[in-house]
Amino acid sequence: MEASVGHPQKDASAPPYYPATVVQVEQDPTSVKDHVLWSLFSFGYLNCCCLGLVALWYSIKSRDQKLAKNLTLATGYGASAKRFNIAATVLSVIVFIIVIAIYATTIAAAVSQFKGPH
């Protein structure tokens, strides 16, 4: 028997061999939301109980992690920034409504007192 040169003999019962190709697809860093603009707005205008400052801190941490290609931490920090921004916005709107209500009742009381009973 001579040794065959070329392809090795295949067993007929063996399954066919298909070489595998592995492709690694990285997550797009722009898909991670860091909410920096919302945090800046919350810090500048809606900084109720310093929640805007905390939201800005988490947003900056999220952006830093996004630049370092650590998208898992960036997503977590971005979610925390979003929560603090929501809390700052809701609390500030509630405080704004209360202040307007107090102002309106004070003006109404002053006007009724100024007119006096006629």
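The values are calculated or read from the model by the stated rules, or taken from the named source; none is laboratory data. Source: prediction; values computed, not measured. FYI the Cβ positions are ideal-geometry reconstructions off the backbone, even for glycines, and counts take in every protein chain you see. Keep in mind that these areas ignore ligands, DNA and RNA; they rest on the heavy atoms of the full protein, side chains included. Shrake-Rupley method; radii C 1.70, N 1.55, O 1.52, S 1.80 Å.
Annotations for the structure displayed:
- Calculated on alpha-carbon atoms, Rg and Dmax of the chain in Å: 32.0, 129
- Karplus 3J(HN,Hα) series, Hz, for the range 36-42 with 6.51 cos²θ - 1.76 cosθ + 1.60 (x for Gly, Pro): 5, 5, 5, 5, 5, 5, 4
- Between I100 and Y45, the modelled labels are 1.3 nm apart [label points 7 Å from Cα along Cα→Cβ].
- For the chain, the solvent-accessible area of protein heavy atoms averages 82 Å² per residue (probe radius 1.4 Å; ligands and nucleic acids excluded).
- Simple rule: put +1 on each Lys or Arg Cβ and -1 on each Asp or Glu Cβ in the chain, find the dipole, and look at V32, F84, L46; the Cα lying farthest toward the positive end is L46.
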